[in-house]
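The block underneath contains the structure these notes are about, expressed in structure tokens.
The values are calculated or read from the model by the stated rules, or taken from the named source; none is laboratory data. These numbers come from a predicted model, not from an experiment. Note that we place each Cβ from the backbone using ideal geometry, even for glycine, and neighbour counts take in every protein chain shown.
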Amino acid sequence: MSFNRTELDKLEHHELQLTILAAVIVLVLAAGVALLMYPLVFLHPIEGNQWTPRIAYIGFCVLSLLFVGYLLDRHRTVRRLKQQLLEELDRNMKLRDQANVDLLHTIPDLHRFQDCLAMEYRRAATMQRMLSLLIVKVRLLRSTPDSTEGRAALGEAARTISRKLRLTDSIYLFGPGLFGLVLPETDTANAKQISLRLEEVLRAIGSTSDFSFEILLYNYPDHVTSAHELEQVVSGLMPENQPWMAGASTT
């Protein structure tokens, strides 16, 4: 949840205006009543007990001033609570942002992907099993990957993807918003089922985190015939400023 600081400042300014208006109205009415009562209380008192009206008059003036003081103190209290709330919100946002940074940094990168791909490909080729690769491309709609909002969106996407993985699957981060999922011993049909489940949850998260996504499926041996072709697929999806890291290719 995000807060609009400008709107909060406007609300605080509006509340201050209402407080000042209420205080002025109370002072004007109290002063008017006090002026009307003054001659009857002090100049032309009613015969008998003269101190009771005077005590009531002084009490009325004191209560009016106390009520105005209460209004001003209430505004100061609300303002102080708002500042404390914003400070707590800033701390929570910094902690969440650091958690997203740590999460994205803990996801294995391209080098680890190359090592895993080589091992899984040799196993699939030797045991005549299938190997699938899902590429999830997350596109931020209103932010950049290096912004707090962008890291939050990518962090939510990474958490969502990780929760849908099986124990044998693994996730990798090729670049900002470019995730790779290695699915050992998974044919095209099962990989499509996993892709559909990912689409369902990512669509729900993306509507609130302001990102769109695309899922690409590649299977060995249905779509490619070697690990080198899978590497080339990933290389073609990398941004121009993030070339494919140098490493030995497997065939």
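Tell me the residue from D222, D210, D169 that is of a type outside the set (S, T, N, Q), over 27 Å from E120 (Cβ atoms) and surrounded by fewer than 21 Cβ atoms within 10 Å (Cβ to Cβ), please.
When all the criteria are applied, what remains is D210.
Do you know which of the residues in region 26-51 that are of a type in the set (V, I, T) and exposed (fewer than 12 other Cβ atoms within 10 Å of the Cβ) is modelled with the lowest pLDDT?
I46
Conditions (1) more than 23 Å from K192 (Cα to Cα); (2) assigned by TED's automatic domain parsing to the domain that holds D9, marked per residue:
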site	(1), (2)
T77	yes, yes
L89	yes, yes
N92	yes, yes
D97	yes, yes
F113	no, no
E120	no, no
M127	no, no
R151	yes, no
I171	no, no
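What number of residues within region 188-237 satisfy the criterion of being closer than 17 Å to C116 by Cβ and part of a loop (DSSP other than H, G, I, E, B)?
Here the count works out to 2.
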